[in-house]
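Trainee: Pasting in a structure now, in C-alpha cells, and then I'll have a few things to ask.
The values are calculated or read from the model by the stated rules, or taken from the named source; none is laboratory data. In this text, all values refer to a predicted model and were calculated from it rather than measured experimentally. Here the Cβ is made from the backbone with ideal geometry for all residues, glycine too, and neighbour counts use every protein chain on show.
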Amino acid sequence: MKGLGFILAAAFLFSPLVVAQPPQNVQASGSATMTAAPDLVKVDIGVTTTAATAQEASAQNATQMTAVIAQIRQVLGPAADIKTVGYSVSPVYRGTPAVLSGYTATNTIQVAAGESATIIKVIDSASTAGATNIQGLRFAVRDDEPLRRQALAAAAKQAMGHAQAIAGGLGLRIGSVVAAQEGITSSPILGITAPGDRAATPVEPGLVQVTASVTIVAQLMQ
C-alpha cells in the first residue's frame, strides 16, 4: 500500500499542468477624409438698437428687423428659411459710478439658402435694409450620410491594414476583429476672395470636409 501511494503521488507530481492562455489582441486605428461641395449655407443676421427706455429700444428694433426680413423675403421668396435664434433687451450703464443711460435691444435671425450666390444677395440686401450684425457664415451638406459611410469604410480599411502590418512584424497574423469604435467630425473649409471689382460681398464656400476615425481590436494568431 505504501508503494502504491508513492506511485500515485509521483504521477500527480510529474503530470503536465495545462494552463489556458488568454487570447492575444492588437489595437490599431485608421482615419480618412471625404470632401464635397456644400449645398446649404446659413448666416446669422441681427439688428441692435439703443434708446432711452426698453420699450423704445424694442419698438425701434421691431421696425428695423421687420424691414430686414421683408427685404430678405424679396430675395428668397415668401417661403424663405428664416428663424429667430436670439432676442434680448438689456440696460446700458456708463460712467463711474455706473449710471443707467438707456437700453439695448438685439434680435438675431438665421437665414438658410441653397447657394452662396443667393446668400450674398441676402447679406447685401439685409445690410441695406438696416441689419447691424452679420456673422456666423457656415456651409454644410444637407445629407452627409453618404460621405460619412465612405469615410468610415476607408478608415476601417486603413485600420485593418495597420493591424496586419503590426501582426506581420511580430511574425503573426490577424484573426477575428473583436471590437471596433468609430469617430466622425464634419467641418466646412471656408475662404474669402479679395473684393476686386465686385460690388457684392465676396464669399467662397470651399468644400465641406467629413473625417472619420476607426479603432479596431483584433486577435493575433500564430
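Trainee: I need every pair where a residue in the stretch 93-107 that is of a type in the set (D, E, K, R) has its Cβ under 7 Å from the Cβ of a residue that is surrounded by 10 or more Cβ atoms within 10 Å (Cβ to Cβ), sequence separation at least 6 or different chains.
Mentor: Once the first residue is of a type in the set (D, E, K, R) and sits in the stretch 93-107, its partners that are surrounded by 10 or more Cβ atoms within 10 Å (Cβ to Cβ) give Arg94/Ser101.
Trainee: Considering only the stretch 21-98, give the strands (runs of 3 or more DSSP E) lying wholly within it that have at least 3 residues that are of a type in the set (Gly, Ala, Ser), modelled with pLDDT of 95 or more and in contact with a helix residue (DSSP H, G or I) (Cβ under 9 Å, 6 or more places away or on another chain).
Mentor: Working: elements: 25-36, 40-51, 81-94.
Hits in the stretch 21-98: 25-36.
Trainee: Which of the residues that make up the stretch 119-158 are of a type in the set (Lys, Arg) and not in a helix (DSSP H, G or I)? Talk me through it step by step, then tell me what you get.
Mentor: To start, the set of residues in the stretch 119-158 that are of a type in the set (Lys, Arg) comprises 121, 138, 142, 148-149, 157.
Matches in the stretch 119-158: Arg138, Arg142.
Trainee: Check Thr118, Thr108 and return the single one that is crowded, with 17+ Cβ neighbours inside 10 Å and under 24 Å from the mean Cα position of the chain (by Cα).
Mentor: On the way: Thr118 fails: crowded, with 17+ Cβ neighbours inside 10 Å.
Being crowded, with 17+ Cβ neighbours inside 10 Å and under 24 Å from the mean Cα position of the chain (by Cα) holds for just one of Thr118, Thr108, which is Thr108.
Trainee: Might you check whether a residue that is surrounded by 15 or more Cβ atoms within 10 Å (Cβ to Cβ) and charged (D, E, K, R) occurs anywhere in the stretch 165-176? First the steps, then the outcome.
Mentor: Kept after step one, since they are surrounded by 15 or more Cβ atoms within 10 Å (Cβ to Cβ), are these residues of the stretch 165-176: 166-167, 172, 174-175.
Next cut, charged (D, E, K, R) only: none.
For the stretch 165-176, residues surrounded by 15 or more Cβ atoms within 10 Å (Cβ to Cβ) and charged (D, E, K, R): absent.
A quick yes/no check of all residues on (1) in contact with a Leu (Cβ under 7 Å, 6 or more places away or on another chain); (2) modelled with pLDDT under 95; (3) buried (at least 17 other Cβ atoms within 10 Å of the Cβ); (4) more than 30 Å from Ser125 (Cβ to Cβ):
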residue	(1), (2), (3), (4)
Ala153	no, no, no, yes
Ile189	yes, yes, no, no
Thr193	no, yes, no, no
Leu207	no, yes, no, no
Val214	yes, no, yes, yes
Met221	yes, yes, no, yes
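Trainee: Out of Ala131, Ala155, Ala126, Ala105, which single residue is touching a strand residue (DSSP E or B) at 6+ places or on another chain (Cβ under 8 Å) and either among the aromatic types (Phe, Trp, Tyr) or under 22 Å from Ala32 (Cβ atoms) (or both)? Walk me through how you get there before you give the answer.
Mentor: Working: Ala131 fails: either among the aromatic types (Phe, Trp, Tyr) or under 22 Å from Ala32 (Cβ atoms) (or both); Ala126 fails: either among the aromatic types (Phe, Trp, Tyr) or under 22 Å from Ala32 (Cβ atoms) (or both); Ala105 fails: either among the aromatic types (Phe, Trp, Tyr) or under 22 Å from Ala32 (Cβ atoms) (or both).
The unique qualifying residue is Ala155.
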